[in-house]
Each structure stands twice: as C-alpha cells, then as structure tokens.
Amino acid sequence: MFLIRKVQDTTNPLNRAAIAEAQRIMRAQFPGMDQAEIERLPDLLVNPLKYRFVGRLFVAEAANQKVLGVGLLLHAPDVGFCYLEILSASIGATGGGVGAALYERIREEAIALKASGLYLECLPDDTALSPDPAVRKNNARRLAFYERYGARPIINTLYETPVTPGTFNPPYLVLDPLQRETLPARADVQRVMRAILERAYAGICTPAYVDMVVASVVDDPVRLREPRYLKRRKPATIAPPALSAQAPVVLVTHDGHAIHHVHDRGYVEAPIRVSAIMSELDGSGMFEKLAPRRFPDRFILEVHDAKLVDYIRRASHLAGNKKSIYPYVFPLRNPNRPPKDEGVLAGYYCIDTFTPLNESAYLAARAAVDCTLTAAFKVLEGRPLAYALVRPPGHHAERHVFGGFCYFCNAAIAAQMLTRYGRVAILDIDYHHGNGQQDIFYERRDVLTVSIHGDPSFAYPYFSGFKDETGAGKGAGYNFNMPLPERITPEQHRAAVAEALKIVRRFDPAYLVVAAGFDTAKGDPTGTWSNGAGDFAELGRMIGQEGYPTLVVQEGGYRVRTLGQNVRSFFEGLVRGRSAPQLFPAGRRNGNSRKSVVMNERSKVEPGDIQWRDFIRAEDEERVRRLVAATGFFTPDEIDIAAELVRERVAKGAPSGYEFITAEIGEQLAGYACYGPIAGSDVAHDLYWIAVQPEWRGRGIGELIMRRVEEAVRGKGGRQVYADTSSSTKYAATRAFYLAQGFKQAALLEDFYRKGDGKVIFAKRV
C-alpha cells in the first residue's frame, strides 16, 4: 500500500527527502536527461515566475516514506493548460500500479485546476522515427499506457521534427482531453505548443524552430491519432476510468457511530447529531463521501498517554452492557497511587462527572480517530478541504485525561500526523475551550493552538482557557486563548475569529486544522451565544479565504433542529471563500497571510500592495526569527544572529549601526532587509540580511526591498552597497538574485566557511 502525496513546499525535512528521492528516480529512469533539469527541481517548485510554470510534485510513498514513484505536473495558468513533465515509478516498483495511481491523481489535479487539457510527450512508435526495435517497443508500451486514459498523439503537425536533423526518437505531443467531448481549437493548441517549446525547452529550440512547429498545426479543432492499442482489448476494458470534477470537500464519517448512545437523561451528545447534519449535507453536491481507513494505535499514542488509552479500552470492555461507569472519586491528592477498582479509577482519568464509559465508548472514539486521520491524509494528498464528521468529539481530551464527552483528541492526533510534513495551526471555534490541544502542544512550537471560547469564569472546562496561558518552554508564544463574555453578538464573534486568523497568518502554517464546534449557535443547550446560519456562512468564508489546506473536525453543536443547516451554511461559506479569486498566500502556495487585493497565482507584487516600514519594533524579533528559519538556508546560530540584530537596534537605536526595511502584506512579514554603514567608510554600506518568505519568492518582493535599501543608502549619502553569500550550490539562487539586481562579484574568498565553500562578495554602486 502506498500514499500519493503532493509535496507542498521545499523546507520540510520529509519533503526535501522526497524531492531528493524524486531526483534519484529521474536519474535512474531517464539516464539521457540533462542533469541541470534534474537539479532545478526544488527551484521549479518555488520559483514559478522564473520558469513560467507552477510546479506541482506528486510522490508515491510507502509506509516507511520510501518513494516508489514520482509525477511532476507543470501548470501554465496564463495559457490554461497542464503539462506532464515526468511520470515514473522507481526501479523495482514498475508494474505495481504506482504509475497508474500517480497518473490518475495528476488527472484529478488538472481537472481541479480547470486545465483545458493535459499535455505530455511520448517517444514515437513509428519505424521511421524510431528504427531501433527495442527502443520502439518500449515507446509503444508508454503510448499504450496513456491510450488507456484517452491520451493520444496530436497528428498533422511537425511537433515530432528533430531539433537536430538526422537524429531519432523526437517526441510526439500527446493530449489527454480529460474526457472532454470536444478537442481544443487550432489556435489554443498553438499557444500550448509555443509555451511548451519556449518554456520547457528554453535554450534548445530556436525561435525559428518554434515558429515552424506552431505554424504547422492545420486541423481546427485538432485531431488525435486513432487508437492503436486499445482495439486489441476486450470492449469492456476499453473505456478509460470515469473522471469528473471533484466535489469541493472530502467528507469522512463512520456509519456505525450510533453504537455510542448514552440514554441517561440530559445527555446531549447523541447519535441524532450526525444524522441531522447528514440530512442537510446529502444532495448538496459539495461533498465526496468516503469510508474511513483503519489506522494503527501509534497515531493515538503519539499524543495520548498509553495508560489512558489502555484504561479507556479496558474499562469500556468491562462495562459491557451494564450501566455506564461515571467517576465519583477524583484522587488528586496522591496521583502516584491510582485506585485499583475500575469504577473508582474513572476519576483518575476523567476531568468531570458527565463523560461515562460504556461498552461502546472506546469503539466509537477509536472510529472517530480513523475518520479524522482518513480525512487528514486526503488533505496531505492535496485535497484542499476535508471534513471529519465524527462523534464523540475530541477537543477536551488531554494527554493524560478525558472528559467533556471526549475520549481521544481527534484534531490533535491529525495535527501530529501532519507535522511530519509541515507546521500546523489548530483553530478551535467551539464554544468551549480546546483544552485538549492546548495541553498536548503547550510546549511545542511546530503546532500553533488558537481557541476562541466562552470565558472559563462561566464556561466549561472552567480550569483552562485563560488569556495568559501562552505556552511554555519552546512553545512559549504559540498558544493563544481568546476568552469572550457570556453575551456577545455575532459581529463580536466574527471580529474575534478575524483576529485569530491574523495570528494564524503570522505563524505561516502548511496546514490548518479547524476544531469546528457549532455550539455557538443561538439556542444551543451548552452555549450562550447567538450565531445563525448566515453567521456560520460568513465564518466559513473568512476561513476559506485564507487558502490553507484545511481539515475540519466536528466538535460540539447540540441544537439538533438547526444544527444541520448551520453546518451546511458553514461549508457553503468555506467553499465560497476558498474558490473566490484568491488573495494569494504570503508564505506558501497552500495558504498563508494575504492582503486585501486580488492576486493571480504567483502574480507579480506591486509596490502599492505592500505596507513598508523603515523601523523595527521589539515584537518583530520573533517574526524575523520565523522568517529567516522558514527560508531553510540558515543554521540555528545564524538565525539567532538575525534576531540579535533586531534586539540591538531596538535597545540602542541608530548608534547600533543597523537599519531595517520591512515589507508586510496583511499581517505577515513577507520580507525584510537589514543594512548599515561600514565603519571607516563615508560612502559604503553593508547589506547584512535580505530575506523573503519562501513562497513569496519569485514575485518581485526581494527586488522591491532591494530598491528601498538602495534609495535609503543614497538618502544617507552612501554610494556603494556590499553583500556576501556562500559559494555553495545551495546559495546559487542567492547569487543569481544579486547579479539580477545589478551587483557585480567583487571577490571570492575560497574555503572561507569550510573546504569547498567560499565567501562571494558582491558590490553595487548606487
């Protein structure tokens, strides 16, 4: 079994390892491929303006993270097509369905991008173009593979004309129309051909060659070659797999959730909650419903104490069909001496008197975990929105205890899994404090926890959720509580959510987990606020507009009569916000801070889009630290130095010798520079730092910052700016940036940092 995963960034260690494995496969399977093309892969994923393609890398991974296959999809949003550059299984993994799974996932992505078609190249199976029988046989095998999906060579063009006369095996241009009934017009294909030849083959195809190939298209609409291989198959297998536009949201729920039914009077966490929601969601067209996969216990044990998990399992079994076990003694005075009696022991692990254990509690809670992880893995695969509709809920379950109708913290379990691939933010919008997430991640900085809830002075769980609980140790500053009064308006609630989203943007997560409680609704028996369906729609829109890959996990919500409508409205808003013209992320393709202007994917940023500052504040120290760390270029010591310069400037002012330019978009620090005069010189200045959030690169922010620095230096009477960087391959893009800004290499100090790694000094007269 393997997972098809979209690699979302190039900074996470697992992603970097996957990219390296993808490059290894490319070298092994395509020995004739230019090594420079292989080496550019990381840059291709983060620098679309440079290559004029948005790169999307898909890898097929085994359970041990071994990469079994790779697919590289290039999207040209300006022309509206997708181009499959690489599709290959690893040596030893061919014939196991890896290639087919990758291609089907890539087709789904192309559909989601509303591509006019999926184009690719295949070497020819005609004798005149490929005279070697062995090579031709292999070419035919690849063409037959794609033909199964309806992808065939475009005919009556000169695309397969060798660039160098007399050579063999020039590629066909193959079109997968993605099961559209009509083929594209001549002019559209001409634009596609020109884009492929000029972008993918820059420096290889001359302008005259490109013009010749483009002009050779004669059919309107274009024609595809008649099938050569499918006709040999039985008719039942000829049709390619059905492909339709994906529903916006993956929904995972467990049909057997109703086994957990506490019949005690007043117990509001009842099976009807899920059925009420599903009655509204069915038929909406927004959801693709999936059954949960079974996951091993290790995912639970990564966030919950093993003794707690074992007790819930054991006590649920022992309860049988007897009356539910409720805690009645809470042995807090001597926690190291737990009671032996199972009934008495309940109070050792439970924080309240209304979360019972019965024969179904463990089974239902365990199924909820499976649902949540299944949905989380769909997000990891590249689906933008997933919903785990589960009961019992989970956000009150801490590492060592359970309570509040919750046994296992579903959102935290999913977040922990996702942290292997990037930073995670948990936004809890339930009426009650998300004490489970807070407790589990309180001393960690890779998971941001933000909870908006009723003040613990009157709202469960009463003992946590205070504003001054901000994290500890490495997690200091990564836990935010926003306790609100007992009576607030929907407008006040939305204002709090807007503030919470600002905090999320500053954190710059790879994934967002929303602990979605609908007990903020008017009339909910466990809450005091007054949100209606329209308010939930607006909350969904606000969250969706952020653009993060988002997992929504069901928590509270107990007013059954309106619950389904409120959930549906929330997701309608979420989908609408997500699908609106994107206020594009200020940190990542999968969603970060953005400003209030509409920006196309990877579009150029204009000076007016940025809020500029030529001063630094104390609170910027941590923002600078996060930005520099996010680049993936610097050691911990270097990151500390960047933060230290901020502190010194704040403490000493201008005498420190450090000047700053900051570029903010919305609430996020998108980039900054630190510079200052060189002692002993009247005209020379040193550029100490210039850094841009990783996924803002390639959109002109660095250039704009550099321009501001140069203007500031001239204003101070300076005439020369110096900068330096490493000579290693890792910093090739940095050196290219300086050269592009008009700097010239002034010196090379060989072996400055270490053997083979020198210091390159650049200079520019301003």
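The values are calculated or read from the model by the stated rules, or taken from the named source; none is laboratory data. Everything quoted here is computed from the prediction, not taken from an experiment. Here the Cβ positions follow ideal geometry from the backbone for every residue, glycine too, while neighbour counts run over all protein chains shown.
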> Of these, VAL567, VAL560, which one is surrounded by 24 or more Cβ atoms within 10 Å (Cβ to Cβ) and closer than 24 Å to THR372 by Cβ?
Replying inline: VAL567
> With (1) outside any loop (DSSP other than H, G, I, E, B); (2) modelled with pLDDT under 95 as the list, and PHE633 as the residue in question, which single condition is left unmet?
Replying inline: (1)
> With respect to the numbered conditions (1) closer than 20 Å to VAL268 by Cα; (2) touching a strand residue (DSSP E or B) at 6+ places or on another chain (Cβ under 6 Å), which one is the sole condition not fulfilled by GLY556?
Replying inline: (2)
>> Going residue by residue through segment 270-284, is there one that turns out to be acidic (Asp, Glu) and either in a strand (DSSP E or B) or more than 21 Å from PHE402 (Cβ to Cβ) (or both)?
In response: yes
>> Within segment 239-262, take every residue that is modelled with pLDDT under 50 and surrounded by 14 or more Cβ atoms within 10 Å (Cβ to Cβ) and give me the one that is farthest from LEU551 (Cα to Cα).
In response: PRO240
> On the given criteria, is ARG420 surrounded by fewer than 24 Cβ atoms within 10 Å (Cβ to Cβ) and not in a strand (DSSP E or B)?
Replying inline: yes
> part of a loop (DSSP other than H, G, I, E, B) and surrounded by 15 or more Cβ atoms within 10 Å (Cβ to Cβ), is that true of THR528?
Replying inline: yes
>> Can you tell me how many residues within segment 124-138 are in contact (Cβ under 8 Å) with a residue 40 or more places away in the chain and either within 21 Å of PHE81 (Cα to Cα) or charged (D, E, K, R) (or both)?
In response: 1
> Which one of these is modelled with pLDDT of 95 or more and closer than 23 Å to VAL252 by Cα: VAL401, VAL303?
Replying inline: VAL303
>> For the structure I just gave you, tell me whether VAL553 is aliphatic (A, V, I, L, M), outside any helix (DSSP H, G or I), assigned by TED's automatic domain parsing to the domain that holds ASN410 and touching a helix residue (DSSP H, G or I) at 6+ places or on another chain (Cβ under 8 Å).
In response: yes
>> Quick check on segment 46-60. Is at least one of its residues modelled with pLDDT of 90 or more and over 27 Å from VAL692 (Cβ atoms)?
In response: yes
>> Here is a list: ALA515, ALA495. Which entry is aliphatic (A, V, I, L, M) and in contact (Cβ under 8 Å) with a residue 24 or more places away in the chain?
In response: ALA515
>> Being in a strand (DSSP E or B), closer than 18 Å to ALA740 by Cβ and touching a Gly at 6+ places or on another chain (Cβ under 7 Å) is the filter here; which residues of segment 671-723 pass it?
In response: GLY671, ILE690, ALA691, VAL692
>> Just to be sure before I move on: is GLY718 touching a residue at least 40 places away in the same chain (Cβ under 8 Å) and small (Gly, Ala, Ser) in the structure I sent?
In response: yes
>> Looking only at segment 686-705, filter to residues that are within 11 Å of LEU669 (Cβ to Cβ), of a type in the set (A, V, I, L, M, F, W, C) and in contact with a helix residue (DSSP H, G or I) (Cβ under 7 Å, 6 or more places away or on another chain); which one of those is surrounded by the most Cβ atoms within 10 Å (Cβ to Cβ)?
In response: VAL692
> Could we say that LEU84 is assigned to a strand (DSSP E or B), in contact with a Cys (Cβ under 8 Å, 6 or more places away or on another chain) and crowded, with 20+ Cβ neighbours inside 10 Å here?
Replying inline: no
> If THR374 satisfies every condition in (1) within 14 Å of the chain's Cα centre (by Cα); (2) surrounded by fewer than 24 Cβ atoms within 10 Å (Cβ to Cβ); (3) under 16 Å from VAL552 (Cα atoms) but one, which is the exception?
Replying inline: (1)
> If you scan segment 368-384, which residues turn out to be of a type outside the set (Asp, Glu) and under 17 Å from ALA412 (Cβ atoms)?
Replying inline: ALA368, VAL369, CYS371, THR372, LEU373, THR374, ALA375, ALA376, PHE377, VAL379, LEU380
> Which one of ARG559, ARG487 is charged (D, E, K, R), in the same structural domain as MET278 (by TED's automatic domain parsing) and closer than 25 Å to ALA397 by Cβ?
Replying inline: ARG559
>> Considering only residues that are over 17 Å from SER116 (Cα atoms), surrounded by fewer than 22 Cβ atoms within 10 Å (Cβ to Cβ) and aliphatic (A, V, I, L, M), which ones fall in segment 45-81?
In response: VAL46, LEU49, ALA62, ALA63
>> So GLY471 ticks every box in (1) at positive phi; (2) assigned to a strand (DSSP E or B) but one. Which box is left unticked?
In response: (2)
> Restricting the search to segment 431-449, which residues are under 13 Å from GLY475 (Cβ atoms) and either at pLDDT below 95 or not polar (S, T, N, Q) (or both)?
Replying inline: ASP439, ILE440, PHE441, TYR442, GLU443, ARG444, ARG445, ASP446, VAL447, LEU448
>> Here's a check for you: in segment 464-511, which residue that is small (Gly, Ala, Ser) and exposed (fewer than 15 other Cβ atoms within 10 Å of the Cβ) is nearest to the chain's Cα centre (by Cα)?
In response: ALA498
> Does VAL213 qualify as being in the same structural domain as GLU85 (by TED's automatic domain parsing), in contact with a Leu (Cβ under 7 Å, 6 or more places away or on another chain) and in a helix (DSSP H, G or I)?
Replying inline: yes
> Hey, does segment 338-346 have a residue that's assigned to a helix (DSSP H, G or I), buried (at least 18 other Cβ atoms within 10 Å of the Cβ) and aliphatic (A, V, I, L, M)?
Replying inline: yes
> free of Cβ contacts under 8 Å to residues at least 24 places away in the same chain, of a type in the set (Ser, Thr, Tyr) and touching a strand residue (DSSP E or B) at 6+ places or on another chain (Cβ under 7 Å) - does that describe any residue in segment 444-460?
Replying inline: no
> Considering only segment 168-194, how many residues are without any contact (Cβ under 8 Å) to a residue 60 or more places away in the chain, in contact with a strand residue (DSSP E or B) (Cβ under 8 Å, 6 or more places away or on another chain) and not aliphatic (A, V, I, L, M)?
Replying inline: 2
> Do we find that PRO171 is of a type outside the set (A, V, I, L, M), under 34 Å from the mean Cα position of the chain (by Cα), at pLDDT 95 or above and assigned by TED's automatic domain parsing to the domain that holds VAL218 in this structure?
Replying inline: no
